[in-house]
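*Asks:* First the structure, then my questions, so here it is.
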Amino acid sequence: MTASVRGAQVNAVLATPLARTLAERIRAAGPIPFAEYMHECLYHPQFGYYSKAETGRFADFYTSADVHPIFGRLWARQFAEMWDVLGRPSEFFAVEAGAGTGRLAGHVLDFSAQKLPEFYGALRYFAVEQSVARREKQRDTLGIHLENGTARLAAELPRDIPAGCIFSNELLDAFPAHRVLVERGRLREIYVALNGETLTEEPGPLTSDEIEKYFQQQKITLQEGQEAEVNLDACEWIMDAGRRLGRGFVLTVDYGYEAVELYNERHMRGTLMAYSAHRASEDFFAHPGEQDLTAHVNFTALDLWGRRAGLGRTGCVSQMAFLVALGRGNQFADLYDEGASEVERIRARLLLKSLIHPEGMGETFQVFIQHKGVVQPRLTGLSGV
Ligand SMILES: C[S@@+](CC[C@H](N)C(=O)[O-])C[C@H]1O[C@@H](n2cnc3c(N)ncnc32)[C@H](O)[C@@H]1O
């Protein structure tokens, strides 16, 4: 281990119970890889950001699913078309990974029940969420659909998914990432160490050969001094999802880039961000367990690792292109609730704007779709390109 990478980071190490727990661990056994630190910050069973009930979460950030039900309604239309493309199997598994409190699930299911009754008859919705607290919340959100057997709650992806779509919204950016740095021409991993009473970063040896292979396989060479994230869990996850899927699609919505862009000179310090009170910062050690940490997704890696499990690339478009392609068929009539007043309609149109605005969520988020057991599928959501 050598000098600190970002020595300027100032933070109170004993600020949270998790900070104290991690400080003790580091004191006893030495620095921990950043990926382990991020894992504990987000998923520590007691103190992890995502292990706790969601109360107060909007204080930090919101996702597209929180903005307006139109997001889920248009996804429902896309799933119904996928069901058609697959030849209308008697059961269509819609498997939502990282379903949180079930907000998106509720919107997809309610809309399908009301507007797409034939599809709803075939729909088997699995809301997959590892956090017990969030799964409990889903019970309230999905009531009727759980009672009639259309929806199920699960902690893991179903073992076999004969026909359907495995999808996620902002899941993979919340997987713990390894962080690396190029130092004198060599790849080094970033660890979390203790400097007095302060958590700090320092480079050390790579924790896995897979990290070097990850860059080689994508023909990526980082520059001297460059920092970057390596999301090995996302590679494992996409392979696992592909293996479980018989026929159908994997749809991933997230912040991200192709590898050539993710690792170019515009991202010399990587893409890791901490979110707290709607502010993004690079102070990853402020309030461990009480702020969100995310790193952009590498779609090239999802493509490469997905291929190993039989997934082909269907396409990748911005969230704006995806939602506009799905909504324009009926001039976004799905935006309005029955009997909505003019004021409510105006409000709905404004919220739609924030989902598709090119300087906001519309271009920040990408929709990446892969398929298996279907030949050159054509999907409306991708038709804008
Ligand atoms: C950023 S939140 C997104 C929640 C939701 N999709 C939304 O758009 O509001 C990520 C969610 O994924 C869950 N999660 C993370 N890893 C998971 C895994 N391997 N399996 C299931 N859920 C997971 C977290 O507990 C958290 O609820």
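Bear in mind these aren't lab numbers, they're just calculated from the coordinates by the rules spelled out. Every value quoted in this text rests on a predicted model; they were computed, and no experiment measured them. Ideal geometry is used to build each Cβ from the backbone, glycine not excepted, and the neighbour counts take in all protein chains shown.
*Asks:* Tell me, what ³J(HN,Hα) does each residue in the stretch 29-38 have, in order and in whole Hz, if you take phi through Karplus 6.51 cos²θ - 1.76 cosθ + 1.60 with θ = phi - 60° and put x for Gly and Pro?
*Replies:* Running phi through 6.51 cos²θ - 1.76 cosθ + 1.60 with θ = phi - 60° gives 10, x, x, 10, x, 4, 4, 5, 4, 5 Hz.
*Asks:* Calculate I(q)/I(0) for the stretch 205-361 by the Debye formula, one identical point scatterer on each C-alpha and no solvent, and give its log10 at q = 0.12, 0.18 Å⁻¹ to two decimals.
*Replies:* -0.73, -1.22
*Asks:* Just to be sure I understand: with springs between alpha-carbon atoms less than 10 Å apart, which residue in E261, E290, E363 has the highest mean-square fluctuation in the Gaussian network model of the chain?
*Replies:* Checking each option, the largest mean-square fluctuation is seen for E261.
*Asks:* Over the stretch 120-206, what is the percentage of antiparallel beta bridges among all DSSP beta bridges, to the nearest 5?
*Replies:* If we restrict to bridges inside the stretch 120-206, about 75 percent are antiparallel.
*Asks:* What are the ³J(HN,Hα) values, in whole Hz, obtained from phi via the Karplus relation 6.51 cos²θ - 1.76 cosθ + 1.60 with θ = phi - 60°, for each residue of the stretch 250-255 in sequence order, with x given for Gly and Pro?
*Replies:* Once θ is set to phi - 60°, the couplings for the stretch 250-255 become 10, 10, 10, 10, 6, 5 Hz.
*Asks:* On to the next question. Suppose we keep just the DSSP beta bridges with both residues in the chain; what percent of those would be antiparallel, to 5?
*Replies:* Percentage antiparallel, nearest 5: 60.
*Asks:* Related question: Give me S276, S341, S383 ranked fewest to most by other Cβ atoms within 10 Å of their Cβ, as a rough exposure proxy.
*Replies:* Ordered by Cβ neighbours within 10 Å, fewest first: S341, S383, S276.
*Asks:* Another one. Please provide three numbers in whole Å: the alpha-carbon extents of the stretch 148-220 along the principal axes, with the largest listed first.
*Replies:* Extents along the principal axes, in whole Å: 59, 38, 19.
*Asks:* OK, next. Could you please rank R152, R184, R134, placing first whichever residue has the fewest other Cβ atoms within 10 Å of its Cβ?
*Replies:* Fewest to most other Cβ atoms nearby, the residues stand as R184, R152, R134.
*Asks:* Another one. Within a 10 angstrom radius of the beta carbon, how do I32, I238 rank from fewest other beta carbons to most?
*Replies:* The most exposed by this proxy come first: I32, I238.
*Asks:* Also: Using Stokes-Einstein with the Kirkwood hydrodynamic radius over Cα pairs, what translational diffusion coefficient do you get for the stretch 36-146 at 4 °C and a viscosity of 1.567 mPa s, in µm²/s rounded to a whole number?
*Replies:* 86 µm²/s
*Asks:* P(r) of the stretch 270-311 in 10 Å steps, Cα pairs, percent per bin?
*Replies:* Calculated P(r), rounded to whole percents: 26, 33, 22, 18, 0.
*Asks:* Starting at the first residue of the stretch 16-26, write each ³J(HN,Hα) from the Karplus equation 6.51 cos²θ - 1.76 cosθ + 1.60 with θ = phi - 60°, in whole Hz, x for Gly and Pro.
*Replies:* Rounded to whole hertz, the list is 10, x, 5, 4, 5, 4, 5, 4, 4, 4, 5.
*Asks:* Project the alpha carbons of the stretch 303-374 onto their principal axes and report the range along each, largest first, in whole Å.
*Replies:* Sorted from largest, the Cα extents of the stretch 303-374 read 51, 27, 15 Å.
*Asks:* Still on this structure: Treat the chain as a sphere of radius equal to its Kirkwood radius over Cα pairs and apply Stokes-Einstein at 4 °C in a medium of 1.567 mPa s; give the translational diffusion coefficient in µm²/s, rounded to a whole number.
*Replies:* 59 µm²/s
*Asks:* Looking at the stretch 76-142, which GluC sites (Glu not before Pro) are in a loop (DSSP not H, G, I, E or B) and have at most 15 other Cβ atoms within 10 Å?
*Replies:* For GluC sites (Glu not before Pro) across the stretch 76-142 that sit outside H, G, I, E and B with at most 15 neighbouring Cβ atoms in 10 Å, the list reads E91.
*Asks:* What does the helix-only formula give at 222 nm for the chain: each DSSP H stretch with n ≥ 4 adding -39500 (n - 2.57), the total divided by the residues, and the result rounded to the nearest 500 deg cm²/dmol?
*Replies:* -10500 deg cm²/dmol
*Asks:* Just to verify a number: FRET efficiency for R27 and D140, C-beta to C-beta distance, R0 = 41 Å, to 0.05?
*Replies:* 0.45
*Asks:* Separate question: Using alpha carbons only, how many angstrom separate the centre of the stretch 307-362 from the centre of the stretch 156-193?
*Replies:* Using only Cα atoms, the two centres lie 27 Å from each other.
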